[in-house]
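S.K.: Got a structure here, written out as structure tokens. Questions coming.
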Number of protein chains: 2
Amino acid sequence: MIPGSKVKRAALAVSMLLLSACASQQPVALRGTGDLGVVVERATGQLQVIETTHRRALAQVSGLGDLSHASVVFSRDSRYAYVFGRDGGLTKVDLLTATIANRVVQAGNAIGGGISQDGRILVAQNYEPGGIKAFDADTLELLADVPATYGTDGKRSKVVGLADLPGNRFVYSLFDANEIRVTDLSDPRHPKTERYPSGKQPYDALVTPDGRYYIAGLFGEDGLSMLDLWHPEEGVRTILPGYGRGEQALPVYKMPHLRGWAVAAGRAYLPAIGRHEVLVVELGSWKEVARIPVKSQPVFVMARPDGREVWVNFAFPDNSWIQVIDTVGNAIVDTLQPGRAILHMEFAPKGEEVWVSARDDNKVVIYGTAKRDKRAELPAASPSGIFFTSRAFRTGF
Amino acid sequence: MIPGSKVKRAALAVSMLLLSACASQQPVALRGTGDLGVVVERATGQLQVIETTHRRALAQVSGLGDLSHASVVFSRDSRYAYVFGRDGGLTKVDLLTATIANRVVQAGNAIGGGISQDGRILVAQNYEPGGIKAFDADTLELLADVPATYGTDGKRSKVVGLADLPGNRFVYSLFDANEIRVTDLSDPRHPKTERYPSGKQPYDALVTPDGRYYIAGLFGEDGLSMLDLWHPEEGVRTILPGYGRGEQALPVYKMPHLRGWAVAAGRAYLPAIGRHEVLVVELGSWKEVARIPVKSQPVFVMARPDGREVWVNFAFPDNSWIQVIDTVGNAIVDTLQPGRAILHMEFAPKGEEVWVSARDDNKVVIYGTAKRDKRAELPAASPSGIFFTSRAFRTGF
């Protein structure tokens, strides 16, 4: 008995050790994270973790709050997705385990965020209370609160059009204060902010892929406000003074997404406001060089990564269509109808495929870009934004 | 006894099950692969697996053969590095486990390779036997052998200047045949090749980041051969007809690396041959717009990812220096001396840091690019090439 029970106890002890040893390991297989991404499922408030190599969904993540206007950035190791929810929630999602690694509710009403050049700082842009907040990307600890105060009585403006810049700086616009601001977070607990008067009511903005030109759309007047971040001393210039003329009556929610603007072959392709046109503008001189007639009011105007094509989706009621522009000759070369309510497109980083969300058909449609052939469809509950981890390596998100 | 021994046997059985269960799992912690890279250690024929977030070496991998002119590309999930050795070896290295996943010896004398737009095809460019070979990126199975035959008697040319293009195509040059070729591998077992006569003895080449312009340096005559891949029907044009004039006597091994050419702010920055100058050329018109005097004969002329700066290293005996050019004003703004025999530089994908190999000091030096402050040094045995996984997402490598 004694030797036997010794062996038995020993064996059981080994079993317990092994159990804990196993438990201490992740039961998830090793894999690279370069081909991962997420699809925002607005209806269920979930995130789908997807993988582009085999065009498949890997897992779903719940508990992210209101995802009705969610935006996503990625950690510099491309393991974590940071989800900025409309309700002010900031959630760090582990793509490998499909679990929530951390979550804070950082504001009452938020409109997205960005990640610093070095990947160590997250910045949320908030409507209420108006301003930006900086967080440690590992711990989500608050590093800095930079209220968008203006005027003499401490009023705070809604913040829009946030983009990251080289040097751990962030550029953003103050809708209520007619101002563009650049906050330097290279010393994150001691932010330094520069202010640049802009046109009236900037409502969204983009920065060119090299991080040089920041261009804000204006709700309160015609034209666009442009700040050359390599020459900030020159201040904000108005470009395309006729842009949006006569269209101020449009409600904001129908204004096109500037984030979708394409920069291709030395030109910017942007949606005309309230017109069935895509405008072509020469970078640097900012002169309009062409107008391309399209099917309806463009919303997203996105360049294929090589810049040879620009893909366009449209506002309701024509939001089931996509048109493709060849940037040589600026002519429409294809018209697609992937499904109902096309809300977003995301290109593979080298451009061989594009993922398209068809909200009202509850699916994501994947096309090859060489022949524009449909490669796959994935079910998704009212999909909106699609985001791939390769965004971790691009400036201006 | 019987119940006891039953329990004992059961417990032992459980132990064995758990052991095998554990063994079937990788003993490596889960991690993202977006911040990984490799440093080629020429002296020991090893690869160092590095991680940029914490600026550290993670592991070493041996058994890669002759790494004296090794080049590296990465899988689309950024888990695997593919190492093309000078001895014709092609090795698939798992960065997560730091082990060799697969290896073939595919030629007698090779000079690098590339990976297709969709990440599914590897292509090696070979001196001996001259041509390219295509391999399955998962299995390294040979998919296609495309000999670089020319003339009437089946001679084969050395292949140089390989670059991947959209549509799973590859462009490369034939040193002995004065030709640029484009091979379409969209049906990888049935490659289709187009031929374009070029200038004499193309020795290296680059493609612009958008995959449009292919530019080959010529050993046999002055000027450069340029093929507009958006208009291949126009054939090869000679640009910068004075480039290299009077320098043909230079041996090939001292010719600058074209792969290092910078494209920044709508201009190309390229090393003058045999002169202490960097040439600035306007993209598209290909007119020389400036010459920047530098410390010595430039070798690599590399743009910081935002294009605001261009970093330059130099040929022996001045190869301990780096100079930094501000692309606004095209003036030298800094001169650094990181160590002896600076062979290569690799920028973080968003440009906040740069890793520099100092071969004769057996170290890699890491600088921040905002203040050009030294952040860290890592020991390495005669380091040459440094490659980060973010290359998986860029065209033209």
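The values are calculated or read from the model by the stated rules, or taken from the named source; none is laboratory data. As the structure is a computational prediction, the values presented were derived from the model and not from experiment. Backbone-built Cβ (ideal geometry, glycine too); neighbour counts: all protein chains shown. When the accessible area is computed, the model is the full protein with side chains, heavy atoms only, and any ligands, DNA or RNA have been set aside. Shrake-Rupley method; radii C 1.70, N 1.55, O 1.52, S 1.80 Å.
S.K.: Enter the buried accessible area of the B/A pair, total of both sides, probe 1.4 Å, in Å² rounded to the nearest 100.
M.R.: Numbers: alone 17130 and 17090 Å², together 29370 Å².
Protein heavy atoms only, the B-A interface buries about 4800 Å².
S.K.: Given 4 °C and 1.567 mPa s, compute D for the protein assembly as shown with the Stokes-Einstein relation, Rh being the Kirkwood radius over Cα pairs; round to the nearest whole µm²/s. The partial results should precede the final answer.
M.R.: On the way: Rh = 27.8 Å.
Rounded to a whole number, D works out at 47 µm²/s.
S.K.: Something else: Among the listed pairs B:Lys133/B:Lys155; A:Lys371/B:Lys158; A:Lys374/B:Lys350; A:Lys295/A:Lys374; B:Lys295/B:Lys374, which have their C-alpha atoms separated by more than 23 angstrom in this model?
M.R.: From the list (B:Lys133/B:Lys155; A:Lys371/B:Lys158; A:Lys374/B:Lys350; A:Lys295/A:Lys374; B:Lys295/B:Lys374), the Cα-Cα distance tops 23 Å for A:Lys371/B:Lys158; A:Lys374/B:Lys350.
S.K.: Continuing with the same structure: Using r as the Cβ-Cβ distance of B:Val333 and B:Thr44, and R0 as 51 Å, what FRET efficiency do you calculate, to the nearest 0.05?
M.R.: Here the calculated transfer efficiency is 0.90.
S.K.: Threshold 10 Å², probe 1.4 Å: give the residues of segment A:346-360, in number order, that are less accessible with all protein chains present than with their chain alone.
M.R.: A:Pro349, A:Lys350, A:Glu352
S.K.: How big is the accessible area of A:Val299 in square angstrom, nearest 10, if you roll a 1.4 angstrom probe over the protein chains?
M.R.: 30
S.K.: Continuing with the same structure: Could you look at segment A:33-81 and say what percent of its accessible area is carbon and sulfur, using a 1.4 Å probe and all protein chains?
M.R.: 45
S.K.: Also, quick follow-up: Test of understanding: in a Gaussian network model of chain A with alpha carbons linked when under 10 Å, which of A:Lys192, A:Lys92, A:Lys371 would top the mean-square fluctuation ranking?
M.R.: A:Lys371
S.K.: For the full complex of protein chains and a 1.4 angstrom probe, list B:Arg375, B:Arg308 by accessible area with the highest value first. Provide the component values of the computation, followed by the final result.
M.R.: Values: B:Arg375 100, B:Arg308 55 Å².
Putting B:Arg375, B:Arg308 in descending order of accessible area: B:Arg375, B:Arg308.
S.K.: Which order do the peptides A:322-331, A:149-158 come out in when sorted by mean C-beta neighbours inside 10 angstrom, highest first?
M.R.: So the order, starting with the most tightly packed, is A:322-331, A:149-158.
S.K.: At q = 0.11 Å⁻¹, work out log10 I(q)/I(0) for chain A with the Debye formula, treating every Cα as an identical point scatterer and leaving solvent out; two decimals please.
M.R.: After summing over all Cα pairs, the log10 values are -0.78.
S.K.: Mind checking the per residue accessible area of the protein assembly as shown for me, 1.4 Å probe, whole number of Å²?
M.R.: Accessible area per residue, the protein assembly as shown: 37 Å².
S.K.: Within 10 Å of each Cβ in peptide B:30-41, how many partner chain Cβ atoms are there on average? Round it to a whole number, please.
M.R.: Details: counts 11, 6, 17, 11, 16, 8, 5, 0, 0, 0, 0, 0.
Counting Cβ atoms of other protein chains within 10 Å of each residue's Cβ and averaging gives 6.
S.K.: While we're looking at this one, here's another question. Of all alpha-carbon pairs in segment A:106-253, indicate the percentage at a distance above 27 angstrom.
M.R.: Counting every Cα pair in segment A:106-253, those more than 27 Å apart make up 18 percent.
S.K.: Could you tell me what percent of the accessible area of segment A:213-367 is made up of carbon and sulfur, with a 1.4 Å probe and every protein chain present?
M.R.: Looking at segment A:213-367 in its full context, I get 49 percent from C and S.
S.K.: Once you sort the root eigenvalues of the Cα gyration tensor of segment B:57-99 as a ≥ b ≥ c, which label holds: rounded (a/c under 1.5), prolate (a/b larger than b/c) or oblate (the other case)?
M.R.: oblate
S.K.: Something else: Along the three principal axes, how long is segment B:334-394 when you take its alpha carbons, biggest first, rounded to the nearest angstrom?
M.R.: So the extents along the principal axes, rounded to whole Å, are 31, 25, 17.
S.K.: Additional query: List for segment B:79-98: residues with 20 Å² or greater reduction in accessible area, all protein chains versus chain alone, probe 1.4 Å?
M.R.: B:Arg79, B:Leu96
S.K.: Report, in whole Å, the centroid distance computed from the Cα atoms of segment B:317-394 and segment A:115-130.
M.R.: 29
S.K.: Which of A:Ala315, A:Ala29, A:Ala205 moves the most in a Gaussian network model of chain A with Cα springs under 10 Å?
M.R.: Result: A:Ala29 has the largest fluctuation of those listed.
S.K.: Please give the residues from segment A:292-311 for which the solvent-accessible area of heavy atoms, probe 1.4 Å, is smaller by at least 40 Å² with all protein chains in place than with the chain isolated.
M.R.: A:Asp306, A:Arg308
S.K.: Going by alpha carbons, how many degrees (0 to 90, nearest 10) lie between the helix axis of B:2-23 and the longest principal axis of chain B?
M.R.: 0
S.K.: Stretch A:Thr238-A:Lys295 to full length: gain in nm at 0.36 nm per residue minus the Cα-Cα span?
M.R.: The A:Thr238-A:Lys295 span can extend by a further 17.7 nm.
S.K.: Mind checking B:265-276 for the average number of partner chain beta-carbons within 10 Å of each residue's beta-carbon?
M.R.: Numbers: counts 5, 4, 0, 0, 0, 0, 0, 0, 0, 0, 0, 0.
Other-chain Cβ atoms within 10 Å of each residue's Cβ, averaged: 1.
S.K.: Could you identify which residue out of A:Asp77, A:Asp176, A:Asp87 has the top mean-square fluctuation in a GNM of chain A using Cα springs shorter than 10 Å?
M.R.: In the Gaussian network model the winner is A:Asp77.
S.K.: Continuing with this model, one more query. Can you give the Kirkwood hydrodynamic radius of segment A:266-387 from its Cα pairs, in Å with one decimal?
M.R.: One decimal place: 14.5 Å for the Kirkwood radius.
S.K.: Determine the principal axes of the Cα atoms in segment A:134-204, then give the extent along each, sorted from largest to smallest and rounded to whole angstroms.
M.R.: Largest first, segment A:134-204 extends 37, 26, 17 Å along its Cα principal axes.
S.K.: Under 20 Å from a point placed 7 Å out from the Cα of B:Asp187 along the Cα-to-Cβ direction: which residues of segment A:337-368 have their backbone N that close?
M.R.: Residues A:368 fall inside that zone.
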